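Have a look at the structure below, then the notes.
The values are calculated or read from the model by the stated rules, or taken from the named source; none is laboratory data. Just so it is clear, the structure is predicted and the values come from calculations on it, not from any experiment. Virtual Cβ from ideal backbone geometry, glycine too; neighbours counted across all protein chains shown.
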Amino acid sequence: MPELRSLSPNRLDRDDPLVGFRSRFVVDDPGLCYLDGNSLGRLPAETVARIQTVVNEEWGRGLVRSWPAAWVELPERIGGKIARLIGADAGEVIVADSTTVNLFKLAVAGLRAQPGRTRIITDALNFPSDLYALQAAARLCGPDYEVEILDSVDGISVPAEALAAAIDERTALVELSHVAFKSGHLYDMAAISAAAHAQGALVLWDLCHSVGVLPIDLRAAGADLAIGCTYKYLNGGPGSPAFLFVRETLQDRIENPINGWFGDAQPFEFALDHRPAKGIRSLLTGTPPVLSLAAIEPGVDLVLEAGIERIREKSMRQTRYLIERFDVELVPLGFELRSPREAEWRGSHVSLGHAEGLRIARALIDRMGVIPDFRAPDNIRLGVAPLYTSYEELERAVQALRVVVRDGLYADYSATLAGVT
Ligand SMILES: Cc1ncc(COP(=O)(O)O)c(C=O)c1O
């Protein structure tokens, strides 16, 4: 494969089949190099109009009449669109609550569906909120329940064989992030799901860092349960509600542990005893946050329009470009690659380790107009969101990293972690 770094970023942008999608987003400051779409995606232009319609027409004019007319079906309707991105059927996905709450609900339900099995297997690369929710689920289920967190030797991945070896007849649930939030390692969903099933365990996937940026086929992988957020590569906005997936053939064994009226078969009968709705709707709890929910749809539509295969192709090329440039420009300055070198095992961000990582990230934001993010203890994450990230931005980020370290600009910044990065 010819090296991408031998081509100019302008030429790569000109030849990019997705280049037109950038103008579908609000880009107020073209001088800003935004490489944090893996944390909070940009605002789709269409979302501004959609929110105005929901506020002015549906809420302002329609008032409560908009519940039956426009809002009640939104969790399933948007869930149905997300289903197309993750290899699921419409009746298997619904939008509700936050990722963490959905994880808790499905973890408790998964444990209760596996009587006699008391262990959850996960790994140290998982997002901490997942670990906290799994531990809370285990505590709720009883003193015998435990969460085993497998360590990662290199901080990048846990080998599939080590995971398979940890799963046994005591395992109720295996829960992993499809793409690890720090290293960007992409797990082999089909192989790990098969290893879990071989021991009679269920598998629950966190799709936060893969949905909307790479093809996911839950059906082909035989996945049982999944959750994911909508504010990263789906561009749903800060705190937009998350989605959950329950395999159709498992739905009669999965009981929502946080019952509420929106998951009831007939909420407006106000019965004193809960009768769960049929299918995926039973996983709803309370009133959906309509404004944030409606804001998700334009971003999902953009991903569907661009096509997930084309998005993945560009994402792999762009992360490869970053790594090729890192090899030349950044290795001599003390940076280390903390993501997989092989594109097929990589999600859509590249993590670079540096002893001064936090101060470098601060200088990038403050002095260079480059926004990455920082993950303790020393990782700078460069997120590639193929719908709007340009090669020119990637090159600017590499040059900014080089200047900040070469000229010691980071020395002006504190190394104490505080607030959101
Ligand atoms: C992989 C992963 N899982 C879970 C979460 C937590 O999501 P939420 O805050 O929506 O509960 C995040 C947040 O960034 C995440 O990256």
(message) So, Val101, is that one within 30 Å of Leu134 (Cβ to Cβ) and assigned to a helix (DSSP H, G or I) or not?
(response) yes
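Out of the residues in the stretch 181-194 meeting the condition of being among the hydrophobic types (A, V, I, L, M, F, W, C) and in contact (Cβ under 8 Å) with a residue 60 or more places away in the chain, tell me which one is surrounded by the fewest Cβ atoms within 10 Å (Cβ to Cβ).
So in the stretch 181-194, the residues among the hydrophobic types (A, V, I, L, M, F, W, C) come out as 181, 186, 189-192, 194.
Right, trim to in contact (Cβ under 8 Å) with a residue 60 or more places away in the chain and you get 181, 186.
On the way: Phe181: 25, Leu186: 23.
Within the stretch 181-194, the match that is surrounded by the fewest Cβ atoms within 10 Å (Cβ to Cβ) is Leu186.
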(request) State the number of residues belonging to the stretch 379-421 that are free of Cβ contacts under 8 Å to residues at least 60 places away in the same chain and crowded, with 18+ Cβ neighbours inside 10 Å. (result) 5
(request) Report, by residue number, each residue of the stretch 126-152 that is more than 25 Å from Ala198 (Cα to Cα) and in a loop (DSSP other than H, G, I, E, B). (result) Phe127, Gly142, Pro143
(message) So if I check each of Leu63, Leu140, Leu85, Leu131, which one is assigned by TED's automatic domain parsing to the domain that holds Ala166, among the aliphatic types (A, V, I, L, M) and within 15 Å of the ligand (Cβ to nearest atom)?
(response) Leu131
(request) Check Ile216, Ile227 and return the single one that is among the aliphatic types (A, V, I, L, M), within 16 Å of the ligand (Cβ to nearest atom), under 13 Å from Ala83 (Cα atoms) and outside any loop (DSSP other than H, G, I, E, B). (result) Ile227
(message) Please verify whether Leu173 is assigned to a strand (DSSP E or B), in contact (Cβ under 8 Å) with a residue 24 or more places away in the chain and on the phi < 0 side of the Ramachandran plot, treating the condition exactly as stated.
(response) yes
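Here is a list: Arg359, Arg346. Which entry is touching a Pro at 6+ places or on another chain (Cβ under 6 Å) and either without any contact (Cβ under 8 Å) to a residue 60 or more places away in the chain or not β-branched (Val, Ile, Thr) (or both)?
Arg346
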(request) Please indicate, with yes or no, whether at least one residue in the stretch 298-317 is among the acidic types (Asp, Glu) and within 30 Å of Glu255 (Cα to Cα). (result) no
